[in-house]
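Notes follow once the structure below has been shown.
Values quoted throughout were computed directly from the atomic coordinates according to the rules given, and no laboratory measurement underlies them. These figures come from a predicted structure and were not determined experimentally. Here the Cβ positions follow ideal geometry from the backbone for every residue, glycine too, while neighbour counts run over all protein chains shown.
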Amino acid sequence: MSVEIKKRNPIEQFAQSAENVINKNTNSAIRAIQEQAKSDLQNSQFPTLKTEEWKYTNLNKFLANEFVHTSALDKVELKKSEIDALVFDSFESHVLVVVNGVFNKELSSFSEVSNKVTVSTISEAIIGNDEEVKKYFSKISINNSVFDFLNLSNFVDGLYINIPANVIIEKPFQIININGGTVEKSFSSSRNLIIAGKHSQSTFVQKSVGLEGNLYFNNISSEFVVAENCILNFYNVELDNDDSFHIEKTDVLQKRDSQFNHFNFTFGGKLVRNDVNTKLSDENIECTLNGLYIANDNQHFDNSTFIDHAKPHSTSHELYKGILDDNSRGVFSGKILVAKDAQLTNAYQNNNTILLSDSAKIDSKPQLEIYADDVKCTHGATVGQLDESALFYILSRGIPKEKAKSMLITAFAENVVAELKIDKLKDEINHLIFEHLNRDEVV
Amino acid sequence: MITIKNLKAEIDSKEILRGLNLQVNAGEVHAIMGPNGSGKSTLANVLTGHDNYEVTSGEVTFNGKDLLSLDPEDRAREGLFLGFQYPVEIPGVSNAVFLQTAINEIRKYNKQEEITPKEFLAKMKEKAKVVGMDSSLISRSVNTGFSGGEKKKNEIFQLLMLDPKLAILDETDSGLDIDALRVVSQGVNEFRNKNNAVILVTHYQRLLDYIVPDFIHVLYKGEIIKSGGKELAHELEEKGYDWITKGDK
């Protein structure tokens, strides 16, 4: 007896869905970019554990799924009231709604800033001949890999934000990235292109959430241009469904005297991989890449950062903290490159982990490549358990165990959360910490 | 208040308490003295419910309840307080949040209403004054970066804030200079009334000049080998422990 096994090829499937996306696209400039990305995708392979950058993250469980591009499925219709239930509402914000990778203006509300800032879809900007979009779109991304090609060839319509020079945006933008809601296993590619002009100041909160339905693959790619003397904060809150996949890449080009602060808060998702790459292309730049993740059950969170110090007198700070329970797994790899020219660079990196169970695991991999001789670069990694004596001290004052634990964990997370520029978001994050720690009890 | 009968306890399979008996009534202050390694701190930790210690036999009744069957947090809610020998630093948790949570958990357990923020603040100010604690310490993280003396004062501050029925003070006087000792003692004396009780675990007779006990017990090798009134302290001061323990050798 012989059984014919047709071997599924995930690359070909994603290339096939890209072809469908490209065929529907009427803009020749975007089509050309996506055609190229599709052919690059077909010439790539998904990483295995032998791939250095993916050494600790096995993609087999991800690749075992047959995902359908959401553009080939019935459109998920949402009402404004449903959006209201998904946003952080404890602070005021300009809400930008992205549903399965497509920026939805009708559901968004940013009229207060629409005369100061360009907010549109990426194709609108390309059709409108926006010079900066042409210059930067899909060009900031460095170290292109299979997921870059997958995203670029499969994106339908992303979000483009351009903040002109000298514009200060007081309230934060809140990008609600909504996923799933389909009967089939679905995937979509979201793209953000954010160009912040000279001396501008802005803050973004991106919140990824999942709708009820089958599991999904949330694939986000964000590109940032942070111009001279500009301050940009980006707070990424990942609350995907627990059975779903989230693979996100962030590429940043920082110019002279600029400040970029990026935070990843990961609570949801079965497998989450975040790549944040910043290029410090000039002098006197500050860059902060922080993260906090709480995982339980079989969640697997992988954070990978790369800071490219190209010129002298810049500073980077990195602090990633994790709390891992049950059989969960965390990965942190932080690469810092200091070019020969980048004298007087300061680079600080830290990764601290608390393991709440014997079977939770963290792999921490600092990677410093330093070619300049007058620099200050430090890195540290700690792994520990909850301080038993502190726990007993709190219990002995009448505070129950679950509250005592979350007090200690909130305290552990404190120096990451404290740096957020939105006070109410700190409360939201602390609440998410408490909820995530006690979710067995809450459910 | 508390009755301890034939209490035996061990740590890492090593027996420390070997049949201890003690009865403390409301309104009384008992001092437990003894040389190093006699089991004083073990007694304090066993009563508070530290899980490093294993009780192998005996019983402890606290206001009619079987104390040993309660979790540490429930012992506190029933009105037991331990002043730690080594207060723990908890970076990131402010004294104020810590105490407000504790007070409300205790109140909730006893079916009382939560303390209002206003009441809480007023009480904090009042009690901080008693122990001469700077108000900036209150907003700081619990014991973090405190000097030894500040940590001990903070224990007494917590004692006054939580107002338990029974306070066990484990070497609260160790390492204090005379000024701090006076302040700490004053706090304890302020706490004392006819409805509560104090067990002072101490090394030094000096503390008993400031907090006058009703009874003194000498703990040696896990048992109380001598009990007496406050005058016993002076005898111990003069003659040392050998006077009582030499028959043992």
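Observations on the structure shown:
- Inter-part distance where the range B:142-175 and the range A:3-55 are each reduced to a Cα centre, Å: 65
- Amide H contacts under 5 Å for B:LEU70, placed H, 5+ residues apart: none
- Take the Cα of B:LYS165, step 7 Å toward its Cβ, do the same at B:TYR241, and the gap between the two points is 3.2 nm.
- Restricting attention to the range A:7-260, close to 15% of DSSP beta bridges with both partner residues there are antiparallel.
- Residue among A:LEU150, A:LEU289, A:LEU59 with the largest mean-square fluctuation in a Gaussian network model of chain A, springs linking Cα atoms under 10 Å: A:LEU59
- Three principal axis lengths of the range A:7-260 [C-alpha, angstrom, descending]: 55, 39, 39
- At R0 = 60 Å, FRET efficiency that the Cβ-Cβ distance of A:ASN144 and B:HIS234 yields, to 0.05: 0.10
- Across all Cα atoms of chain A, the radius of gyration (one decimal) and Dmax (whole number) stand at 21.5, 73 Å.
- For q = 0.07, 0.14 Å⁻¹, Debye-computed log10 I/I(0) when each Cα of chain B counts as one equal scatterer: -0.23, -0.95
- Theoretical gain in end-to-end length, A:LYS24 to A:LYS134 [0.36 nm per residue, Cα-Cα removed]: 37.5 nm
- Most simply put, chain A has about 5% antiparallel DSSP beta bridges, counting only bridges with both residues inside it.
- Here's the picture: a label point sits 7 Å out from the Cα of B:ASN36 along the beta-carbon direction, and within the range B:163-185 the residues with their amide nitrogen under 17 Å of it are B:171-176.
- A Förster radius of 60 Å combined with the Cβ-Cβ distance from A:GLU82 to B:ASP177 puts the calculated FRET efficiency at roughly 0.40.
- Residue with peak Gaussian network fluctuation, chain A [Cα springs, cutoff 10 Å], from A:ALA85, A:ALA372, A:ALA125: A:ALA85
- Pairs from B:LYS165/B:LYS230; A:LYS61/A:LYS403; A:LYS171/A:LYS207 whose Cα-Cα separation, in the structure shown, is over 24 Å: A:LYS61/A:LYS403
- In this simple spin-label approximation, A:TYR348 and A:GLU66 carry label points 7 Å from Cα along the Cα→Cβ vector, and these lie 5.2 nm apart.
- Relative contact order of chain B, defined on C-alpha pairs under 8 angstrom at six or more residues apart (%): 28
- Per DSSP, loop trypsin sites (Lys or Arg not before Pro) in the range A:276-373 with at most 12 further Cβ within 10 Å: A:LYS340
- Inter-chain Cβ neighbour count for A:381-394, averaged per residue, equals 4 (cutoff 10 Å, partner chain atoms only).
- The stretch between A:SER114 and A:LYS75, if pulled fully straight at 0.36 nm per residue, gains 11.4 nm over its current Cα-Cα span.
- Neighbour-count order for B:GLU73, A:GLU53, fewest beta carbons within 10 angstrom listed first: A:GLU53, B:GLU73
- Here's how it looks for A:PHE103: its modeled amide H is under 5 Å from those of A:ASP157, which are all 5 or more places away or on a different chain.
- Legend: residue pairs A:LYS134/A:LYS198; A:LYS401/B:LYS108; A:LYS185/A:LYS335; A:LYS139/A:LYS198, Cα-Cα distance threshold 22 Å; pairs beyond threshold, A:LYS185/A:LYS335.
- Taking θ as phi - 60° and the Karplus parameters 6.51, -1.76 and 1.60, the scalar couplings of the range A:95-108 work out to 8, 10, 9, 10, 10, 6, x, 10, 5, 10, 5, 4, 7, 8 Hz in sequence order, x denoting glycine and proline.
- A cut-off of 5 Å between modelled amide H atoms, ignoring neighbours fewer than 5 places along the same chain, links A:HIS69 with A:PHE187.
- Placing +1 on the Cβ of every Lys and Arg and -1 on the Cβ of every Asp and Glu, with nothing else charged, gives the protein assembly as shown a dipole about its Cα centre of roughly 280 debye.
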